[in-house]
1. Given the conditions (1) in a strand (DSSP E or B); (2) open to solvent by less than 40 Å² (accessible area, probe 1.4 Å); (3) closer than 14 Å to R66 by Cα, which single one is not true for Q81?
2. So, in the stretch 20-31, how many residues would count as being modelled with pLDDT of 95 or more and buried (at least 22 other Cβ atoms within 10 Å of the Cβ)?
3. Pairs under 6 Å by beta carbon, first residue within 18 Å of V120 (Cβ to Cβ) in the stretch 49-78, partner open to solvent by 40 Å² or more (accessible area, probe 1.4 Å) and assigned to a loop (DSSP other than H, G, I, E, B), six or more apart or different chains?
4. Which number in (1) farther than 23 Å from G25 by Cβ; (2) within 15 Å of the chain's Cα centre (by Cα) marks the one condition that P87 misses?
5. Could you list all residues from the stretch 41-74 that are at pLDDT below 95, in a loop (DSSP other than H, G, I, E, B) and touching a strand residue (DSSP E or B) at 6+ places or on another chain (Cβ under 8 Å)?
6. Quick check: anything in the stretch 33-40 hydrophobic (A, V, I, L, M, F, W, C), open to solvent by 10 Å² or more (accessible area, probe 1.4 Å), part of a loop (DSSP other than H, G, I, E, B) and under 14 Å from E88 (Cα atoms)?
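The values are calculated or read from the model by the stated rules, or taken from the named source; none is laboratory data. Values in this document were obtained by computation on a predicted structure and should not be read as measured data. Cβ coordinates were reconstructed from backbone atoms using ideal geometry, including for glycine residues, and neighbour counts include every protein chain displayed. Keep in mind that these areas ignore ligands, DNA and RNA; they rest on the heavy atoms of the full protein, side chains included. Shrake-Rupley method; radii C 1.70, N 1.55, O 1.52, S 1.80 Å.
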Amino acid sequence: VQLQASGGGLVQAGGSLRLSCAASGGSFSDYTTAWFRQAPGKEREFVAAIRWSGGNTYYADSVKGRFTISRDYAKNMVYLQMNSLKPEDTAAYYCAAGRTITSTSRDARYYYHWGQGTLVTVSS
């Protein structure tokens, strides 16, 4: 499965962006799909995840209430709606897919398909 992330850009603090993750060469069926981010000089961190079957969602505390992850079965897409953006949300955002359980859904080691990053820059 190849993943393609898109939708990044420059936005002012308080604004919104929607990131998209498209799968090719396969589907998201039976996978958990997640978004991770990495800011310059910082380690990669978990942002949000959604299990394709059942739709269970998981969020990092730092984005809970501001970001929403969702999926579209028909289009084989996963989205990350980001509202109330803050300068500290600035990072390269990566979508990833893997087979996880609840306890591993935030752990990047369990994701083995990764897309290229899409850059999100939030100005103050």
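1. (2)
2. Total meeting the criteria: 1.
3. R66/N83; R66/S84
4. Among (1) farther than 23 Å from G25 by Cβ; (2) within 15 Å of the chain's Cα centre (by Cα), the lone unmet condition for P87 is (2).
5. W52, G55, N56
6. Initially, the stretch 33-40 is screened for residues hydrophobic (A, V, I, L, M, F, W, C), giving 34-36, 39.
Checking which are open to solvent by 10 Å² or more (accessible area, probe 1.4 Å) leaves us with 39.
Right, trim to part of a loop (DSSP other than H, G, I, E, B) and you get 39.
Those still in the list that are under 14 Å from E88 (Cα atoms) too: 39.
Checked against the condition, which is being hydrophobic (A, V, I, L, M, F, W, C), open to solvent by 10 Å² or more (accessible area, probe 1.4 Å), part of a loop (DSSP other than H, G, I, E, B) and under 14 Å from E88 (Cα atoms), the stretch 33-40 yields at least one hit.
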